[in-house]
Amino acid sequence: MGTFVLDMALIGGGIIVLTAFIAVIVNGIGTKWFSKGEKDEFLEKSRSYQTTWRKVGGNKK
């Protein structure tokens, strides 16, 4: 019975890890092949907003 539980845990863990890696790989392929040069569109927009933010908190050095 113990070996059955161990086998099921290993198979379940393997399926979860495989699913996670497949999602990352497919996302990378989709971004690389189908982005049409707009990979960082949202990242650049976010950075443009953050450059105008005030620095708050902390001690001045």
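Throughout, read-outs are computed from the coordinates displayed, never taken from laboratory work. Please read all numbers here as calculations on a predicted model, not as lab measurements. We place every Cβ from the backbone using ideal geometry, glycine too, and count neighbours over all the protein chains shown.
If I fit a long axis through the Cα atoms of helix 41-50 and take the longest principal axis of the Cα atoms of the chain, what angle between them do I get, 0 to 90°, rounded to 10?
50
Using unit Cβ charges (K, R positive; D, E negative) and no other charged atoms, how large, in debye to the nearest 20, is the dipole of segment 2-50 about its Cα centre?
In debye, rounded to 20, segment 2-50 gives about 160.
Relative to the longest principal axis of the chain, what angle (0 to 90°, nearest 10) does the C-alpha long axis of helix 2-34 take?
That helix lies at roughly 40 degrees to the long axis.
Which label belongs to the value computed from this structure, given these candidates for semi-axes √(5λ) of the Cα gyration tensor in Å: [x] 29, 21, 4; [y] 48, 12, 7; [z] 43, 24, 6?
[z]
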